[in-house]
Each structure stands twice: as structure tokens, then as C-alpha cells.
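A short worksheet on the structure shown next.
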Amino acid sequence: MEVAIVKYNAGNIYSVVNALRRMGIEPRLTDVPEELMRADRVLFPGQGEARGAMDYLIARGLDRVIRNLRQPVLGICVGQQLLCRHSEEGDTDCIGIFDAEVKRFQPTRHEEKVPAMGWNALRDLKSPLFKGLDQDAPYVYFVHSYYVPLCADTIATADYIQPYSASLHKDNFYACQFHPEKSGSVGAQILKNFIEL
């Protein structure tokens, strides 16, 4: 199986590469459209800022390539946000797979820090992406200042300041706000499930 990771100017890609290598998969890190289209699975990870990431993708035509992929695609962290319609971060129009507006957390109490950073429970799991997980609130690792509100495509929720979409699914596109590659055995199972979809 050929697994590609979208190469663009969003950090943290190598932790995803290493997580796949631990599964015995040697992924191809690429921004070449033909290689992305040919792959059996595509991962779209990232940390960073929405506007700069979208500018990079648009300049190389990768926004159109990603939008037209037909194999299973997994967006991670900023990757989930960029698959939405729009982000408040930099007032950025995004790729538009999910009809959702990415919002910035608005703390209401002193102890509510932004970015939200650390382990949090997944709830309301509704997808083969979570096969084999304890359905009683498995914990995964998050680092984010922006979130996707609950919507028709939500397949898992988390709660910080308010409930939000921890994971999304529409057609062949899956996404998670958390980092499966940093989420221990739970994250490894999610990545395995994605590869086996």
C-alpha cells in the first residue's frame, strides 16, 4: 500500500512519518500532485497558521488536488481546520470539504488557557475510524487555539470551554483535531483503522 503525506509549510510532519514507520509503513512525503493522486491513502497533517498554510497550498495548486482526491484522506490538527470552509485565523478561505467555520477559543474563566494543550477525552464516537477503542472516553493529545464547532459531519466530540468537533467525516475525507501520532496506543489504533478503511 502506498501512503502519501502532503508536504507543505506546516510543522510537525515528521512525527506522523515516524508513527507510520512504527506501523511498518514507509510513507512518501510529497507536494507532487501526481504522487498524491496515485497514493492509496493520503495524510494531511500540520501545526501552524491557517493563512500561511493556505497561501502555500494555493500557490502550488495543492488546494485543488486535495479537494479532488478520491482515496481516503486524513486531516490532522491544522489539516482538519484547512479542510473546512473558512477559518477565523487570518480570515482565511480554506479547502471547503466540510461546511464549517473554524473559530478561535474564547476563554470565559481565568483557568481556561489558549492554546488548549494536553490530553482530553473523545466522546460520541461514530465511525469505523474508532474501531477497537474503548468507547468510554478514550484520551488523545490536543494542541490548538482554534476549533471546529459541532456540525453535521462531526464523528467525535471533545469539550474545552464548550463542546466541539474532535473529528469529522464526509465522503472519503476524515479529520481529527487531535494528534493521533502523539496519542499513544489510542492514536496508533486510529491510524491503523484509517490505513485499513
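Counting only strands (runs of 3 or more DSSP E) that fall entirely inside the stretch 105-161 and contain at least 1 residues that are touching a Leu at 6+ places or on another chain (Cβ under 8 Å), the qualifying elements are 139-144, 154-160.
Let me confirm something: among 85, 51, 109, which residue is touching a Gly at 6+ places or on another chain (Cβ under 6 Å), free of Cβ contacts under 8 Å to residues at least 24 places away in the same chain and open to solvent by 30 Å² or more (accessible area, probe 1.4 Å)? After applying the criteria, what remains is 85.
Here residue 18 clears all of (1) without any contact (Cβ under 8 Å) to a residue 60 or more places away in the chain; (2) in a helix (DSSP H, G or I); (3) open to solvent by 50 Å² or more (accessible area, probe 1.4 Å) except the condition numbered (1). None of 90, 96 is in contact with a helix residue (DSSP H, G or I) (Cβ under 6 Å, 6 or more places away or on another chain) and open to solvent by 20 Å² or more (accessible area, probe 1.4 Å) except 90. When the residues of the stretch 3-15 are filtered to those that are open to solvent by 60 Å² or more (accessible area, probe 1.4 Å) and assigned to a loop (DSSP other than H, G, I, E, B), the one that is farthest from residue 186 (Cα to Cα) is 9. The condition (being aliphatic (A, V, I, L, M), surrounded by fewer than 15 Cβ atoms within 10 Å (Cβ to Cβ) and modelled with pLDDT of 95 or more) is satisfied by just one residue among 137, 166, 152, 158: 152.
The values are calculated or read from the model by the stated rules, or taken from the named source; none is laboratory data. Everything quoted here is computed from the prediction, not taken from an experiment. Cβ sites come from the backbone with ideal geometry, for glycine too, and all protein chains shown count toward neighbours. Protein only, heavy atoms only, side chains kept; ligands, DNA and RNA dropped before computing areas. Shrake-Rupley method; radii C 1.70, N 1.55, O 1.52, S 1.80 Å.
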